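Readers should treat all values here as calculations from the given coordinates under stated rules, not as data from a laboratory. Since we're looking at a predicted model, the values are computed, not measured. When we count neighbours, we look across all protein chains shown, and the Cβ atoms used for this are built from the backbone with ideal geometry, even at glycine.
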Amino acid sequence: MIDYSLPDLYRYRKVEFDEFNRRFEPEQTLEKDEDAKDFCHFLGRVLPLTDRQPAHVDTLKVILTQWHGSSKYASWRLVETIVHSECPGDTRAHATKTLLECLSDTSTSTYAKYRLLHYLVRRRNRPNGQGVFRYLARLRRSAKEQIAQILPGFLREQAFELNLIALYAMQVLGATHAALETTVREKAPKPVPVPIRNVLILAAEPTPVVQSLNLGEVSEDEGQEEYH
């Protein structure tokens, strides 16, 4: 019987992951949640970004709207497709369209919508140490404008993590504190939940909301599929 102490368990899981070699054809039908998870690993570990096709993006949409158990993996793969220049231009454009559709689709879970926004607005250090950036900045202006139109509706959802990341994303996109207050007054349920009220208080301070609430700042290495 193998004794999986912590170091041994880590090595076992790393070998198991490194040896992943399952392949999927474009438009291949997913039959179970394990297929959905493996498809996301296939995109990250087997298929080069240069070979990613619009059909692969369509499968990510299927996962985000139908296979919710793997939505955290699919949400990163979708954002990854949009922001990395190695992906073909038509694939990136289709991924942006799919992102907007998933954010608007009631079949997409509130958690998946939160993850999509998280990956877009999270602050990241530049490789050379010169400042920070967000993947959101790599979207076209029209896409950012459409996201800004979608965000206020998320305040109606009974999902605090989505409520809060939506407010932060609005702030990142340029909404003033007065505009945030107006949106909360018009869109949030009554009485306004305490977490949302707290965000408004923090948004009025010089320190950005995300620094105070640790929203979008979770340490993770998406490229290695170390999801948290």
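Multiplying the residue separation of residue 141 and residue 29 by 0.36 nm and removing their Cα-Cα distance gives an extension gain of 36.9 nm.
Of the trypsin sites (Lys or Arg not before Pro) found in segment 137-182, those in coil by DSSP whose Cβ has at most 13 other Cβ atoms within 10 Å are 140. Among 85, 109, the order by Cβ neighbours within 10 angstrom, fewest to most, reads 85, 109. Legend: residue pairs 144/190; 37/97; 37/144; 32/61, Cα-Cα distance threshold 25 Å; pairs beyond threshold, 144/190; 37/144. Taking θ as phi - 60° and the Karplus parameters 6.51, -1.76 and 1.60, the scalar couplings of segment 93-98 work out to 5, 5, 5, 4, 4, 5 Hz in sequence order, x denoting glycine and proline. Computed over segment 7-108, relative contact order equals 26 percent, with contacts defined as Cα pairs under 8 Å that lie 6+ residues apart.
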